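Notes follow the structure.
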Amino acid sequence: MGHYHEPVLLNEVLIALAVKKEGVYVDATLGTGGHSVAIGGQLGDNGLLIGLDVDTGAIELANERLKALKCRYKVFNRSYVELDSVLVDCGIDCADGILLDLGMSSFQLEGSGRGFSFLRDEPLDMRMNPVAKGPSAADLVNTLREDELEDLLRRYGEERRAKRISRAIIRARSKTPIQTSLQLASLVSAVCPRPKGGMLKHPATRTFQALRIAVNRELENLQAFLKKAPDFFGPGGRLVILSYHSVEDRIVKQAMVSWEKGCTCPPDFPRCVCGKRPVMRRVYRRAKRPTEDEKARNPRSRSAILRAAERI
């Protein structure tokens with residue numbers, strides 16, 4: 001049970017999904033199944049739960065937990081970007097609810113051995129899909145030019161000290177390649193030490209975040225999913241998204257705001273020619289965040305931001 005943690009914002013997720021007993025619900029980022037077990041627990045015998053994840057190790061752990069469910073469930077080793085084809089494979093026109101949790105699963109941080117955590121000495125890989133063919137985090141760190149590294153850290157990590165860190169990486173790798181998570185974390189800590197009073201975040205948090213996002217094309221995947229998302233629902237269907245940093249949350253919020261907008265024709269047009277109609281409405285005007293109690297109990301929830309939208 002070592003890799004199972006309390007699911008983030010669980011009550012808020014269940015309320016936002018408004019689970020119907022006989023509905024079809026998708027946990028598009030299954031992880032080790034924490035949210036899925038709770039969603040499935042609210043479904044009746046005829047309800048259907050669909051889980052997707054690119055990480056076979058996480059799926060194994062999730063399957064063990066899902067066996068106890070009374071509802072029907074199907075698990076796919078696929079990315080949430082492929083949800084449209086998964087629904088077709090299941091013979092489903094639309095879902096009643098979809099959850100997208102953009103955080104790291106406990107398995108990835110603690111059990112995958114792929115360098116996601118700066119607290120362990122592991123190969124600097126960071127590919128969520130263990131058989132992915134794209135470049136690893138070590139490939140990026142050891143081959144990108146200084147200006148490219150700086151741009152990556154600023155864009156995906158919003159790292160204010162990007163120039164200092166990228167310069168230190170170039171200097172270090174000229175002597176020996178940077179191959180492990182602890183090597184990189186130590187290097188960042190050396191050039192960006194914690195202030196004397198201490199700070200909550202490890203100095204390498206944003207660097208690791210930026211590399212993980214780049215390696216897994218997380219923002220591109222999120223944008224591709226959001227383009228298709230309204231088509232996955234019938235009226236009343238709900239999409240719930242948990243994000244963990246402002247780069248992701250901004251993309252989610254902008255998409256949800258745009259779904260609410262109708263005609264985009266200039267105000268001086270005599271009649272609408274764009275034909276745009278609102279497709280979804282936000283369930284909450286302001287994002288939901290964890291309570292102080294949850295943050296103390298479950299530190300992984302600290303930066304979580306929940307947004308939800310309902311199909312019109």
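Multiplying the residue separation of Arg281 and Arg155 by 0.36 nm and removing their Cα-Cα distance gives an extension gain of 42.5 nm. What's the center-to-center distance, using Cα atoms, between region 71-136 and region 175-246 in Å? One Cα centre to the other: 14 Å.
A straight chain from Glu260 to Ala132 at 0.36 nm per residue would run longer than the Cα-Cα distance by 42.5 nm. Stretching the chain fully between Asn46 and Asp84 yields a gain of 11.5 nm (0.36 nm per residue, less the alpha carbon separation).
Relative to the longest principal axis of the Cα atoms of the chain, the long axis of helix 181-191 makes an angle of roughly 70 degrees. Averaging the sequence gap over all C-alpha pairs within less than 8 Å and six or more residues apart, then dividing by the number of residues, gives region 133-215 a relative contact order of 42 percent. Taking Val13, Val24, Val247 in turn, the Gaussian network model of the chain (Cα-Cα springs below 10 Å) assigns the largest fluctuation to Val247.
Between Ala18 and Asp268, the FRET efficiency estimated from the beta carbon spacing at R0 = 30 angstrom works out to 0.15. With the simple model of a label 7 Å out from the Cα in the direction of the Cβ, Asp139 to Glu220 spans 1.2 nm. Ranked by the mean number of other Cβ atoms within 10 Å of their residues, highest first, the peptides 182-189, 125-132, 208-215, 257-264 fall in the order 208-215, 182-189, 125-132, 257-264. Computed from point charges on the beta carbon alone (+1 for Lys and Arg, -1 for Asp and Glu), the dipole magnitude for the chain about its Cα centre is near 1100 Debye. Packing around the peptides 39-45, 151-157, taken as the average count of other Cβ atoms within 10 Å per residue, puts them in this order, highest first: 151-157, 39-45.
Report, in degrees rounded to the nearest 10, the 0 to 90 angle that the Cα long axis of helix 162-175 makes with the longest principal axis of the chain. So the inclination is approximately 50 degrees.
Modelled spin-label separation between Ile92 and Arg72, with each label point placed 7 Å from Cα along the Cα-to-Cβ direction: 1.0 nm. Below 8 Å, C-alpha to C-alpha, sequence gap of six or more: please give me the relative contact order for the chain in percent. Value for the chain: 18 percent.
Among Ala95, Ala224, Ala28, the residue with the largest mean-square fluctuation in a Gaussian network model of the chain, with springs joining Cα atoms closer than 10 Å, is Ala224.
As I understand it, the value is the acute angle between the Cα axis of helix 218-228 and the longest principal axis of the Cα atoms of the chain; what does it come to in degrees, rounded to 10? Approximately 10 degrees, to the nearest ten.
Taking the inverse of the mean reciprocal distance over all distinct Cα pairs, the Kirkwood hydrodynamic radius of region 133-215 comes to 12.7 Å. Listing Ser105, Ser303 from fewest to most neighbouring C-beta atoms within 10 Å gives Ser303, Ser105. A Cβ-based charge dipole, computed about the Cα centre of region 25-143 with Lys and Arg at +1 and Asp and Glu at -1, lands at about 200 debye. Computed from these coordinates, which is mean projected area of the Cα convex hull in nm²: [x] 18.6; [y] 15.2; [z] 17.8? Matching entry in [x] 18.6; [y] 15.2; [z] 17.8: [x].
FYI, it's all coordinate maths here, none of it is from the lab. Predicted, not measured: the structure shown is a model, and the values here were computed from it. Cβ coordinates were reconstructed from backbone atoms using ideal geometry, including for glycine residues, and neighbour counts include every protein chain displayed.
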